[in-house]
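Below is one structure; the comments refer to it alone.
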Amino acid sequence: MTMNNISELAISYLRHYNCHINEGYIALLKEACEINPPPHGKAWYGNMYRQYARKSEWFANSLIVNAYEEGMGSRQVWQFSQQVENQQFAKLIRSHSIDESRHSKMFITLFNMLFPMKLEEELQTQLKAFSPNYNKENHPSTVPVSPNDVMDELLVMDELIQINLLEIRALILQLLLRPVLQAYARSEDKVKVTRMSDQFIFDETKHIEYSAYCIGEYMKWGDREWLRQTMIHRQATVNQMFLEDIDYQDCLGTTILRTQNAN
Ligand SMILES: [Fe+2]
Ligand SMILES: [Fe+2]
């Protein structure tokens with residue numbers, strides 16, 4: 001896997017899964033990554049990740065941190081969906097939230113599979129509660145609490161741009177995670193672990209796809225130059241967040257950045 005060019009990498013995964021991608025979006029992403037090259041695409045990050053992941057204690061902990069962060073992310077994404085007026089976008093955002101809820105549970109399953117130990121039942125319950133357990137039937141309200149909670153269209157687009165760039169980051173982490181998961185898995189679990197990794201990679205690619213779709217739709221009626229500037233600016237803030245987060249060892253391998261809400 002070569003990650004010299006993150007936009008190329010994301011685009012090749014989108015193509016691999018036959019995702020429909022807007023050419024205007026591709027141009028914006030390429031430019032944003034050229035102006036502000038993502039540090040998470042650099043070889044040193046992959047090397048650093050693999051170095052840490054060799055320590056089983058660190059790796060076990062990172063699976064738990066990921067389960068926690070994916071669960072939090074799922075709740076935040078659902079709250080965001082409630083503030084989006086465009087119902088086509090809101091529906092896509094809700095299914096994103098449901099995916100992240102499932103990811104949280106998948107990380108706990110992986111933790112239990114790769115590091116089987118007798119955990120106290122109470123602790124096991126706590127780990128499971130990291131996921132909000134959303135699915136098509138079970139989820140919070142789909143309508144905003146009050147009309148005042150509806151977000152301005154530009155703010156919605158700003159959020160979707162950040163989601164898009166962060167999901168590219170999540171895809172990269174899943175690609176780094178894959179061989180590590182396979183290395184830790186006992187031979188009888190390898191097929192199952194690989195299938196879960198396939199699912200993660202597919203889902204993260206779909207998250208890039210839907211947010212790219214929303215960006216492409218906005219281009220039809222919105223301000224293209226604003227989009228361009230915001231993509232460039234948000235790539236810079238995502239890069240900054242990433243560099244801040246890797247100062248905390250346990251954030252080094254998370255699919256969701258901890259400082260995400262600090263802006
Ligand atoms: Fe995820
Ligand atoms: Fe995701």
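Apply the Kirkwood formula to the stretch 91-195: the hydrodynamic radius equals the inverse of the mean of 1/r over all pairs of different alpha-carbon atoms; give it in Å with one decimal. Present the calculation step by step, with values, prior to reporting the outcome.
On the way: mean 1/r = 0.0603 Å⁻¹.
For the stretch 91-195, the Kirkwood estimate is 16.6 Å.
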TODO: Read phi for every residue in the stretch 31-40 and hand back ³J(HN,Hα) as whole Hz from Karplus 6.51 cos²θ - 1.76 cosθ + 1.60, θ = phi - 60°, with x for Gly and Pro.
DONE: 5, 4, 6, 6, 6, 10, x, x, x, 5
TODO: Please report the Cα spread of the stretch 143-255 along all three principal axes, rounded to whole Å, starting with the longest.
DONE: 52, 31, 29
- [ ] Name the residues whose placed amide hydrogens come within less than 5 Å of the amide hydrogen of Ser131, ignoring near sequence neighbours (fewer than 5 apart) on the same chain.
- [x] none
Open item on the list: From the phi angles alone, apply the Karplus equation (6.51, -1.76, 1.60; θ = phi - 60°) to the stretch 9-23 and give each ³J(HN,Hα) in whole Hz, x where the residue is Gly or Pro.
Closed with: 4, 4, 5, 5, 5, 4, 5, 4, 8, 6, 6, 7, 10, 6, 5
Task: Difference of contour (0.36 nm per residue) and Cα-Cα distance, Glu34 to Ser95 - done: 18.9 nm
Task: Cα long-axis angle, helix 224-245 against the chain (0 to 90 degrees, to the nearest 10) - done: 20
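Provide the gained length on full extension for the span Asn112 to Lys42, in nm with one decimal, where the gain is 0.36 nm per separating residue minus the Cα-Cα distance.
On the way: separation 70, 0.36 × 70 = 25.20 nm, distance 3.10 nm.
Net length gain for the segment: 22.1 nm.
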- [ ] Please list, or write none, the lysines whose alpha carbon is within less than 27 Å of the alpha carbon of Lys118, excluding same-chain residues fewer than 8 places away.
- [x] Lys55, Lys105, Lys128, Lys190, Lys192
Task: Kirkwood hydrodynamic radius of the stretch 6-258, Cα pairs, Å - done: 18.8
Open item on the list: Under a crude label model (7 Å from the Cα following the beta-carbon direction), how far is Glu225 from Gln182 in nanometres?
Closed with: 4.9
Open item on the list: List residues of the stretch 105-141, by number, whose backbone nitrogen lies under 16 Å from a label position 7 Å along Cα→C-beta of Phe202.
Closed with: 106
Task: Value of D in µm² per second that Stokes-Einstein yields for the stretch 40-165, Kirkwood Rh from Cα pairs, at 20 °C (1.002 mPa s) - done: 131
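For Asn61 and Lys190, calculate 0.36 nm times their separation in residues minus their Cα-Cα distance, and state this gained length in nm to one decimal.
Numbers: separation 129, 0.36 × 129 = 46.44 nm, distance 2.01 nm.
Extra length available between Asn61 and Lys190 comes to 44.4 nm.
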- [ ] Using every Cα-Cα pair within the stretch 1-78, state what percent have a distance larger than 14 Å.
- [x] 73
- [ ] List the aspartates and glutamates whose Cα lies under 15 Å from the Cα of Lys206, skipping any in the same chain that are fewer than 8 positions away.
- [x] Asp99, Glu100, Glu167, Asp198
Task: 222 nm mean residue ellipticity, helices alone, for the chain (DSSP H n ≥ 4; -39,500 (n - 2.57); rounded to 500) - done: -24000 deg cm²/dmol
- [ ] Note down the nm distance, to one decimal, between modelled labels 7 Å out along Cα→Cβ at Val150 and at Lys136.
- [x] 2.8
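Quick note: the coordinates plus some simple rules give every number you see, no bench work behind them. On a predicted model such as this, the values are computed, not experimentally measured, just so you know. Note: ideal-geometry Cβ built from the backbone for every residue, glycine included; neighbour counts use all protein chains shown.
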